[in-house]
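K.L.:
Input: one structure, supplied below.
We did not get these values from a lab; they are worked out from the coordinates using the rules stated. Here the structure is a predicted model, which means the values were calculated and not measured. Cβ sites come from the backbone with ideal geometry, for glycine too, and all protein chains shown count toward neighbours.
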């Protein structure tokens, strides 16, 4: 006759809810609560989104036309001289400066009820001005160095005090505010 296995008595004794099990259940419940809050109740507003939508509605067509003009320019090839490259970068810099001037004119025509809109635009235009300064420095380097090896003529971007690249913040602000074409030109 066979008998069923019986565990030793000391293995069955002890509390079912040990401290480790309680801690594990609490952690799982907190994680589930966090994700439920994130998906159902967390605010969806972006701090960089302007409350006045008129600026974006007027800026997007101007930026779109600018990007089309830049995209229509020929790409640099291996046989493009540094002087030719300097001239084209200089021309696109002038076009970019005109775009930023147009965007500033749009801003001047509008009245913003929300002071954050002014603050956001001030920061955005500051980034554009920094970008234009960097382009000017690059153009000067190209004009001053027609016989230098191309690898030495790299376009450099000023570092932001808060980290990251300001070209990313220009693009990010444009995307958040439905101005996807309002980014730096991709000619360099």
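K.L.:
At 0.36 nm per residue, minus the direct Cα-Cα distance, what do residue 91 and residue 49 gain on full extension? Give it in nm, one decimal, please.
P.N.:
Computed gain between residue 91 and residue 49 is 12.0 nm.
K.L.:
With the contact rule set at Cα under 8 Å and sequence spacing of 6 or more, what percent relative contact order holds for the chain?
P.N.:
That works out to 32 percent.
K.L.:
For segment 40-80, rounded, prolate or oblate, judged on the Cα gyration tensor with a ≥ b ≥ c (square roots of eigenvalues), a/c < 1.5 rounded, else prolate if a/b > b/c? Mind dumping the intermediate values first?
P.N.:
Values: a/c = 5.57, a/b = 2.26, b/c = 2.46.
Verdict is oblate for segment 40-80.
K.L.:
In nm, give the distance between the simple-model label positions of residue 76 and residue 113, each being 7 Å from the Cα along the Cα-to-Cβ direction.
P.N.:
4.8 nm
K.L.:
I need the Kirkwood Rh of segment 54-176: take the reciprocal of the average 1/r across all distinct C-alpha pairs and report it in angstrom.
P.N.:
About 16.1 Å for segment 54-176.
K.L.:
Here is a further query. According to the square roots a ≥ b ≥ c of the eigenvalues of the Cα gyration tensor, what is the shape class of segment 22-109, taking rounded for a/c under 1.5, prolate for a/b larger than b/c otherwise, and oblate for the remainder?
P.N.:
In terms of gyration-tensor shape, oblate.
K.L.:
Follow-up. Assign one of three labels to segment 106-188, namely rounded, prolate or oblate, based on the Cα gyration tensor with a ≥ b ≥ c the square roots of its eigenvalues; rounded applies when a/c is under 1.5, prolate when it is not and a/b is larger than b/c, and oblate otherwise.
P.N.:
Verdict is prolate for segment 106-188.
K.L.:
Tell me, in nm to one decimal, what length is gained between residue 64 and residue 144 on full extension, where the rule is 0.36 nm per residue of separation less the Cα-Cα distance?
P.N.:
Extending this stretch completely gives an extra 25.6 nm.
K.L.:
Another question, then. To test your reading of the geometry: what angle, between 0 and 90 degrees and rounded to tens, separates the Cα axis of helix 82-109 from the longest principal axis of the chain?
P.N.:
For 82-109 against the chain, the angle is about 70 degrees.
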